[in-house]
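Laboratory data are not the source of any read-out in this text; all were calculated from the coordinates shown. Computed from a predicted structure; not experimentally measured. As a convention, Cβ positions derive from the backbone with ideal geometry for all residues, glycine included, and neighbour counts pool all protein chains shown.
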Amino acid sequence: MGMFENLIKGNLPHYTRKIRHIRQLLRHSTPRKLANLAKAEWSLSRGHVVLQSKPYIYIIDPCNACDLRCPLCPTGARTLNRSTRMMSLECFQGLIDQVKPYAVEIILYSWGEPFLHPQIFDMVRYAQKNNIGTNISSHFNHITDEMIDRIIDSGLENISISLDGVSQEVYQVYRVNGKVDDVISGIRRLQLRKKERKSRTPNVEWQFIVMKHNEHEIPQAEKLARDLEVEQFRLLGVGLPFEELTNQTLAEQWISDTPEYRGYHPEKILQRGYLYDESCFYPFRTLVINPDGGVAPCCAISHEQWDFGDVHKESLWDIWNNRKYQSARSLFSRHPVAERVPTVCDGCLLYNQKSPFPRSENSTDSSQSSRVQDPVLG
């Protein structure tokens, strides 16, 4: 308790949670997991299209429902293009049983508010029981004292709490229907209860998404974060929906003018044709599973049309090396792919693609709506 890391000013938010990942690797590694991780990283560096390794980070979304109406989020904006579901505990446990030999950590959120799931604490406990690190992100409204005790009892290791302002007037501009005092009270009670119970977990990160309307409250937020004794206070720029990455009008409305928080600005993409210099790591390291069992290529894609598979119809490992995954990997490789098929990755403007295959102008659908903010490493 008492450690305060101010993780700020990164145009590439991928690396700002590296400490968390290293801690979970040290805590949950086994010889088999380390060998698998090494093979995965080797395959990423060499651009393999068929992998002998398994993913070692898993995003398993327990539910895609939320009671807030954040305008850049497809769930909040009601443009998700996927049925609202709660993943069953039995399905979750079945997935954990399959991935536990390889999984270093599980990320229990993507398109919804995890604490709306009635069995979320059972899910956390099951992952922890199987030696897998656990992470949750929450808007943290409506958190009762009973829930706080259950959070601690579950063994949850990390929680990122989204709080983008310290006044109700500013906070509600983006977190529509949220109550800033409710969130602050929840954080204060959680940190106090951790002290009373002498618990080091969960590690609390206050995530402040910097936008035009709230940037002036950063100094007050930093001061309050120290008062609340959160372990990390993190500032990052707002992301745009996947299909709106070059929308300058939307950027003008939401994105801060401060260079440190303009990592997703359309001008950069329009100038270069892509945002990040490195290859996409998702098809080599990470598996994303939606509440309905659909496997998405990454956390930015919400539309079920672009799923790479369905865990209710195929095994995880058949999906992991299917034609869609091989085709996606080929975009960051000079290795040939046996039978290339079109995927949403073909038109992705986020990563620098090495493949001689051209980006498809029609590979992203205007009906998609996905925020680009990485819950894995960003």
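In whole angstrom, the stretch 103-155 maps to an equivalent ellipsoid with semi-axes of 18, 14, 8, each derived as √(5λ) from the alpha carbon gyration tensor and ordered largest first. The spacing between the stretch 33-87 and the stretch 300-340, judged by their C-alpha centroids, is 13 Å. Residues whose amide H lies under 5 Å from that of N203, counting only those 5 or more places away or on a different chain, are N158, I159; hydrogens are built 1.01 Å from N in the peptide plane.
In order along the stretch 267-280, the phi-based Karplus estimate (6.51 cos²θ - 1.76 cosθ + 1.60, θ = phi - 60°) of 3J(HN,Hα) comes to 4, 5, 5, 5, 6, 9, x, 6, 9, 9, 6, 7, 6, 5 Hz; Gly and Pro are listed as x.
Highest-first packing order for the peptide set 99-109, 28-38 is 99-109, 28-38, based on the mean count of other beta carbon atoms within 10 Å. In vacuo Debye scattering of the stretch 305-354, one point per C-alpha: log10 I(q)/I(0) at q = 0.15 Å⁻¹? Each listed q maps to, in turn, -0.42.
Of the cross-linked pairs K100/K198; K18/K313; K179/K212; K33/K198, which ones have a Cα-Cα span greater than 23 Å in the structure shown?
K100/K198; K18/K313; K33/K198
Take every Cα pair under 8 Å in the chain that's 6+ residues apart, average their separations, divide by the length, and report that relative contact order as a whole percent. The value is 23 percent.
Pairwise inverse Cα distances across the chain, averaged and inverted, put the Kirkwood hydrodynamic radius at 21.0 Å. Of all DSSP beta bridges confined to the chain, the antiparallel ones make up roughly 15%. Peptides 176-184, 144-152, 269-277, 51-59 ranked from most to least packed, by the mean per-residue count of other Cβ atoms within 10 Å: 51-59, 176-184, 144-152, 269-277. With the helix formula -39500 (n - 2.57) applied to DSSP H stretches of n ≥ 4, the chain reaches a computed 222 nm mean residue ellipticity of -9500 deg cm²/dmol. If each Cα of the stretch 126-170 is one equal point scatterer, what is log10 of I(q)/I(0) from the Debye formula at q = 0.15 Å⁻¹? These q points yield log10 I(q)/I(0) values of -0.49.
Placing unit charges on the Cβ atoms only, positive for Lys and Arg and negative for Asp and Glu, gives the stretch 211-329 a dipole magnitude near 400 debye about its Cα centre. Considering only Cα atoms, the convex hull volume of the stretch 112-223 works out to 103 Å³ per residue.
Karplus-derived 3J(HN,Hα) values for the stretch 148-158, using 6.51 cos²θ - 1.76 cosθ + 1.60 with θ = phi - 60°, are 4, 5, 5, 4, 5, 4, 5, x, 3, 8, 9 Hz; glycine and proline are entered as x. Mean projected area of the Cα convex hull of the stretch 47-168, taken over all directions, amounts to 9.7 nm². Applied to the stretch 183-200, the Karplus parametrisation 6.51 cos²θ - 1.76 cosθ + 1.60 on θ = phi - 60° returns per-residue 3J(HN,Hα) values of 5, 4, 4, x, 5, 4, 5, 5, 5, 5, 5, 4, 5, 4, 9, 6, 9, 8 Hz, with x for Gly and Pro.
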